[in-house]
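Quick notes on the structure that follows.
Throughout, read-outs are computed from the coordinates displayed, never taken from laboratory work. All values reported here derive from a predicted model rather than from experimental measurement. Don't worry about glycine lacking a Cβ; one is built from the backbone with ideal geometry, like all the others, and counts go over all protein chains shown.
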Amino acid sequence: MTLILILIVIAALVLAVSYAAYRIPFYHPDHRASPYDLPREHQYDPYREKMTALISEMDAVPFEPVEIRSYDGAKLFGRYYPAADKNAPLLIGFHGFKSTALRDMAGGGKLARQLGMNLLLVDQRAHGKSDGKTICFGVKERFDCLSWAQYAAEKRPGRPIVLAGVSMGAATVLMASDLDLPQEVKGIMADCPYSDPSAIIKKVGRDSMGPASIALYPFILLGARLYGGFSLTAAAPVKAVAHAKVPILLIHGEDDRFVPCDMSREIYDACVSPRTRVTIPDAAHAIAYILDPEKYGQAVRRFLASVGVIDGTKER
């Protein structure tokens, strides 16, 4: 009887610790993030005014609300910004962890508008107006990406589509690269992606907790399974691009202290489809466009021209 009680206590402790470990990175019931709530790290201090102005510019552009159902029935919300030419290429943008599309895709959105592209900025599951309370680091979100691509292709068959994302959004679109995407999807653009959900969680854990984070990792895996309903190791950008079916552009800031720039190098090395990698010196996480909009814009234009989405001989 004593042994049984001990086992019950141990099991209860494991479940409790796993639940606590689940809540830290994955649980996100509050979807009310403001696009103007900028990172507090000192790396961003010189650029806050520029970032706020870029977000305000995006915020002022009229949009049409869009809702779809994902593969598992979750309601997903997006903002559609139509171009003058409804048959012009479409860019679908995915934001990062606990962020918003207006903040993370403000730079990409501006470029898309300048190029005359249609634009669809989506709220990832467990963010904004989309359903869910669990952030899955791209493991489930990759199928949401597929759902959005299928929706867009069915809405206007033949219109070229480009998938784009920042940080976790970049990892999401890369994890969709080996799925059966519609033929309309011509390429993927990923800004500061992590190479593997497990790797970024371990890295952030080491940064915040030091060596003690190693002991917590098994409980994070178990918590994701038990309380989040997904396996953290089921997918990874570095694995997906080994079977990628479309060309890929990787952009990364060289002074990214959250998602190390080497992670996009890992992805580049593993990728089997045509790929390009551009790095921006001195750029912190997710502000490569802010730091060097000219180099960033050139990289995007060249990539889009290389996949036939825009006419590379023309400047809009």
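Quick notes on this structure:
- Helices (runs of 4 or more DSSP H) enclosed by the stretch 252-308 - at least 1 residues per element that are of a type in the set (Phe, Trp, Tyr), out of contact with any Leu (no Cβ under 7 Å at 6 or more places or on another chain) and farther than 19 Å from SER195 by Cβ: 288-291, 293-306
- Selection of the stretch 127-150 for residues being more than 24 Å from ALA83 (Cβ to Cβ), touching an Asp or Glu at 6+ places or on another chain (Cβ under 9 Å) and among the aliphatic types (A, V, I, L, M) yields only ILE135.
- Per-region count, the stretch 100-148, residues on the phi > 0 side of the Ramachandran plot and touching a Cys at 6+ places or on another chain (Cβ under 9 Å): 2
- Sole residue being surrounded by fewer than 17 Cβ atoms within 10 Å (Cβ to Cβ) and either under 22 Å from GLY205 (Cα atoms) or in contact (Cβ under 8 Å) with a residue 24 or more places away in the chain (or both), chosen from ARG79, ARG69: ARG69
- Subset of the stretch 19-64 (residues that are within 30 Å of GLY229 (Cβ to Cβ), part of a helix (DSSP H, G or I) and not aliphatic (A, V, I, L, M)): TYR19, TYR22, ARG23
- Of all residues assigned to the stretch 104-114, none qualifies as being closer than 23 Å to ARG23 by Cα, surrounded by fewer than 24 Cβ atoms within 10 Å (Cβ to Cβ) and of a type outside the set (Val, Ile, Thr).
- The stretch 221-237, residues that are in contact with a Leu (Cβ under 7 Å, 6 or more places away or on another chain) and part of a helix (DSSP H, G or I): LEU221, ALA224, PRO237
- Test: residue in the stretch 288-295 that is buried (at least 23 other Cβ atoms within 10 Å of the Cβ) and either at negative phi or among the β-branched types (Val, Ile, Thr) (or both): yes
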